[in-house]
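Peer 1: Below you'll find the structure I mean.
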Amino acid sequence: QVQLVESGGGLVQAGGSLRLSCAASGRTLNTYVMGWFRQAPGKEREFVGAVSRYGSSTDYTDSVKGRFAISRDNAKNTMYLQMNNLKPEDTAAYYCAAAQTTSLPRSALDFRFWGQGTQVTVSS
């Protein structure tokens, strides 16, 4: 199994930036396709983006394209979500997740392992 821990969330004004980290232990990170999801109160969990096992491919939901970037450093067993030009609608709890798939899924059901979440709040 793999254990995932997110960090880097906080309060930021609109237009600002944050970088979230997801640290893995228990298994080497390159075993997994990795993804980021977010969930605001009263809303369903939403796919943000995913990255292939060695970082060669990424996929993003339309609302974050051009603003967010996923990367991974398998040697450090860490995945990152760089968030730029943040908007109030980005406010949510952000979760990293790991999937044992060959393609890049968008469904939360395809990700077996999850972190505890880190809160991102963007003020207007």
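Peer 1: Restricting the search to the stretch 22-74, which residues are aliphatic (A, V, I, L, M), surrounded by fewer than 17 Cβ atoms within 10 Å (Cβ to Cβ) and in contact with a Lys or Arg (Cβ under 7 Å, 6 or more places away or on another chain)? Working first, answer last.
Peer 2: Initial filter on the stretch 22-74 (aliphatic (A, V, I, L, M)): 23-24, 29, 33-34, 40, 48, 50-51, 64, 69-70.
Still in the running and surrounded by fewer than 17 Cβ atoms within 10 Å (Cβ to Cβ): 23, 40.
If the condition is that a residue be aliphatic (A, V, I, L, M), surrounded by fewer than 17 Cβ atoms within 10 Å (Cβ to Cβ) and in contact with a Lys or Arg (Cβ under 7 Å, 6 or more places away or on another chain), then no residue fits.
Peer 1: With the requirement that a residue be under 13 Å from residue 93 (Cα atoms) and assigned to a loop (DSSP other than H, G, I, E, B), what does the stretch 1-11 give you?
Peer 2: 8, 9
Peer 1: Name every residue in the stretch 75-107 that is among the small types (Gly, Ala, Ser) and in contact with a strand residue (DSSP E or B) (Cβ under 6 Å, 6 or more places away or on another chain), in order of residue number. First the steps, then the outcome.
Peer 2: So the first thing to find is which residues in the stretch 75-107 are among the small types (Gly, Ala, Ser), and the list is 75, 92-93, 97-99, 103, 107.
Hits for the stretch 75-107 are 92, 93, 97, 98, 99.
Residue by residue, here is whether (1) modelled with pLDDT under 95; (2) out of contact with any Pro (no Cβ under 9 Å at 6 or more places or on another chain); (3) farther than 19 Å from residue 66 by Cα holds:
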{"position": "76", "(1), (2), (3)": "yes, yes, yes"}
{"position": "79", "(1), (2), (3)": "no, yes, no"}
{"position": "84", "(1), (2), (3)": "no, yes, no"}
{"position": "90", "(1), (2), (3)": "no, yes, no"}
{"position": "94", "(1), (2), (3)": "no, yes, no"}
{"position": "105", "(1), (2), (3)": "no, yes, yes"}
{"position": "108", "(1), (2), (3)": "no, yes, yes"}
{"position": "118", "(1), (2), (3)": "no, yes, yes"}
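Peer 1: If the Cβ limit is 9 Å and pairs must be 6+ apart or interchain, which residue in the stretch 69-86 that is without any contact (Cβ under 8 Å) to a residue 60 or more places away in the chain pairs with which residue that is part of a loop (DSSP other than H, G, I, E, B) and open to solvent by 40 Å² or more (accessible area, probe 1.4 Å)?
Peer 2: Listed pairs, sorted by first residue: 69/84; 72/53; 72/54; 74/28; 74/53; 74/54; 77/27; 77/28.
Peer 1: Looking only at the stretch 76-95, which residues are part of a loop (DSSP other than H, G, I, E, B) and either touching an Asp or Glu at 6+ places or on another chain (Cβ under 9 Å) or among the β-branched types (Val, Ile, Thr) (or both)? Give the steps one after another, and end with the answer.
Peer 2: Of the stretch 76-95, the ones part of a loop (DSSP other than H, G, I, E, B) are 77, 84-87, 91.
Answer for the stretch 76-95, where residues must be part of a loop (DSSP other than H, G, I, E, B) and either touching an Asp or Glu at 6+ places or on another chain (Cβ under 9 Å) or among the β-branched types (Val, Ile, Thr) (or both): just 91.
Peer 1: Within the stretch 96-105, is there a residue that is touching a Ser or Thr at 6+ places or on another chain (Cβ under 8 Å), under 13 Å from residue 38 (Cα atoms), of a type in the set (Gly, Ala, Ser) and part of a strand (DSSP E or B)?
Peer 2: no
Peer 1: Right, here's the next one. Of the residues in the stretch 94-111, how many are open to solvent by less than 20 Å² (accessible area, probe 1.4 Å) and among the hydrophobic types (A, V, I, L, M, F, W, C)?
Peer 2: Kept after step one, since they are open to solvent by less than 20 Å² (accessible area, probe 1.4 Å), are these residues of the stretch 94-111: 94, 96-99, 105, 111.
Within this subset, residues satisfying the condition of being among the hydrophobic types (A, V, I, L, M, F, W, C) are 96-99, 111.
Summing the residues that are open to solvent by less than 20 Å² (accessible area, probe 1.4 Å) and among the hydrophobic types (A, V, I, L, M, F, W, C) in the stretch 94-111 gives 5.
Peer 1: Return the residue satisfying two criteria in turn: it lies in the stretch 75-92 and is open to solvent by less than 40 Å² (accessible area, probe 1.4 Å) and not aromatic (Phe, Trp, Tyr), and of such residues it is nearest to residue 116 (Cα to Cα).
Peer 2: The qualifying residue nearest to residue 116 (Cα to Cα) is 92.
Peer 1: Mind telling me which of the residues 52, 56, 63 ends up being free of Cβ contacts under 8 Å to residues at least 24 places away in the same chain and among the hydroxyl-bearing types (Ser, Thr, Tyr)?
Peer 2: 56 is the lone residue from the list that is free of Cβ contacts under 8 Å to residues at least 24 places away in the same chain and among the hydroxyl-bearing types (Ser, Thr, Tyr).
The values are calculated or read from the model by the stated rules, or taken from the named source; none is laboratory data. Nothing here was measured: the structure is a model prediction, and the numbers come from that model. Counting neighbours? That spans all protein chains shown, and the Cβs are built from the backbone with ideal geometry, glycine included. Heads up: the accessible areas ignore ligands, DNA and RNA and are worked out on the full protein's heavy atoms, side chains in. Shrake-Rupley method; radii C 1.70, N 1.55, O 1.52, S 1.80 Å.
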